[in-house]
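The values are calculated or read from the model by the stated rules, or taken from the named source; none is laboratory data. Bear in mind the structure is a predicted one, so any value in this text is a computation, not a measurement. With ideal geometry, Cβ positions are generated from the backbone for all residues, glycine too; neighbour counts draw on all protein chains shown. These area figures cover heavy atoms from the full protein model, side chains too; ligands, DNA and RNA do not enter into them. Shrake-Rupley method; radii C 1.70, N 1.55, O 1.52, S 1.80 Å.
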Amino acid sequence: MPPQTVPPPSSPSPAVPRPPAEDEPAALPRIVPVRRTGRRAAAVVVLVLLALVLNSVVRNDAFQWDVVFSYFATVPVLRGLWLTLWLTAVVMVLGFALGALLAVLRLSGNPVLQAVSWGYIWLFRSTPILVQLLFWFNIGALYPQILGVSTVSLLGPVAVAVVGLTLHEAAYAAEVVRGGILSVERGQVEAAQSLGLGPWRRFRRIVLPQAMRSIVPPAGNMLIGTLKGTSIVSVIAVQDLLYSVQLVYHRTYQVIPLLLVATLWYAAVTTVLSIGQRYVERYYARGTAGAR
């Protein structure tokens with residue numbers, strides 16, 4: 001009987017993945033987070049640079065922080081701060097009231113009113129605010145009397161600042177208000193007309209709430225810009241915040257610490273106004289994608 005040969009062992013067949021059963025959940029793929037080495041390195045570099053700058057500011061004796069804190073809440077500085085805040089509020093209220101009127105004239109169907117509004121906006125946006133203030137400060141050279149009243153006694157430095165800043169602010173406020181009104185869809189106004197709403201009710205209930213969504217952000221920027229822009233009235237001897245600290249350092253020759261006093265107050269007030277602007281924006285953005 002011939003010997004039987006044993007067949008060589010067959011190589012194992014590759015494993016075929018078994019399809020998952022209907023009631024068996026499929027295995028989820030592994031999620032590998034993206035490595036953002038460059039972003040992290042850049043953040044570290046920026047933080048190191050900020051730390052170096054902060055350290056140089058805090059530990060540099062030339063800033064004289066003890067002098068800064070000693071003058072920060074003194075009576076002259078607070079009096080100048082109050083005049084700056086008062087001037088900002090008055091200019092914004094009067095400027096936007098006049099700007100709203102100019103915007104309505106610009107949107108009217110009367111070509112004469114449109115031309116007058118456009119000419120006003122063009123003129124006051126074309127000349128620097130410093131030139132306008134100096135012009136109004138010397139208005140007595142052109143008109144010594146207006147309606148029998150001497151312009152020298154009528155327009156003091158504070159009155160000149162209010163008039164000059166208001167007329168300048170109104171030109172920019174007119175464009176902000178006009179842009180906000182134009183952002184409202186015409187179909188909504190026509191729908192309100194079909195319901196029999198009068199012009200005033202249409203404007204108050206339909207146009208104004210929607211226009212404010214576009215008006216508030218640039219108006220907030222204008223408010224902050226006006227707050228800082230009031231410092232220019234120091235050239236006509238209005239004792240605002242900047243002029244008040246200038247009077248002090250002209251006497252003590254401590255220029256840097258007194259300028260830091262004004263800087264810190266401007267930064268503090270601007271921060272408060274920015275927070276208020278944020279809440280006003282959220283109020284008018286209710287029910288829209290911008291409500292965050």
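One line per residue, one yes/no per condition, for (1) in contact with a strand residue (DSSP E or B) (Cβ under 6 Å, 6 or more places away or on another chain); (2) hydrophobic (A, V, I, L, M, F, W, C); (3) outside any helix (DSSP H, G or I):
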residue: Ala62; (1), (2), (3): no, yes, no
residue: Val68; (1), (2), (3): no, yes, no
residue: Ala73; (1), (2), (3): no, yes, yes
residue: Gly80; (1), (2), (3): no, no, no
residue: Thr88; (1), (2), (3): no, no, no
residue: Gly95; (1), (2), (3): no, no, no
residue: Leu98; (1), (2), (3): no, yes, no
residue: Leu102; (1), (2), (3): no, yes, no
residue: Leu105; (1), (2), (3): no, yes, no
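The rows are residues; the columns are (1) open to solvent by 60 Å² or more (accessible area, probe 1.4 Å); (2) in contact (Cβ under 8 Å) with a residue 40 or more places away in the chain.
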| position | (1), (2) |
| --- | --- |
| Leu28 | yes, no |
| Arg35 | yes, no |
| Val77 | no, yes |
| Leu94 | yes, yes |
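Sort through Ile256, Ile206 and tell me the only one that's modelled with pLDDT of 90 or more and either assigned to a helix (DSSP H, G or I) or surrounded by fewer than 18 Cβ atoms within 10 Å (Cβ to Cβ) (or both).
Within the list Ile256, Ile206, the selection yields Ile256.
Which residue is farthest from Thr88 (Cα to Cα), if the candidates are limited to region 232-242 and must be in contact (Cβ under 8 Å) with a residue 40 or more places away in the chain and buried (at least 17 other Cβ atoms within 10 Å of the Cβ)?
So, considering only residues that are in contact (Cβ under 8 Å) with a residue 40 or more places away in the chain and buried (at least 17 other Cβ atoms within 10 Å of the Cβ), the one farthest from Thr88 (Cα to Cα) is Ile236.
Hey, can you tell me all the residues within region 173-200 that are under 19 Å from Ser214 (Cβ atoms), open to solvent by 30 Å² or more (accessible area, probe 1.4 Å) and either in contact with a Gly (Cβ under 7 Å, 6 or more places away or on another chain) or outside any helix (DSSP H, G or I) (or both)?
Within region 173-200, Ser183, Glu185 meet the criteria.
Kindly establish whether Arg106 is among the charged types (D, E, K, R), within 24 Å of the chain's Cα centre (by Cα) and open to solvent by 40 Å² or more (accessible area, probe 1.4 Å).
no
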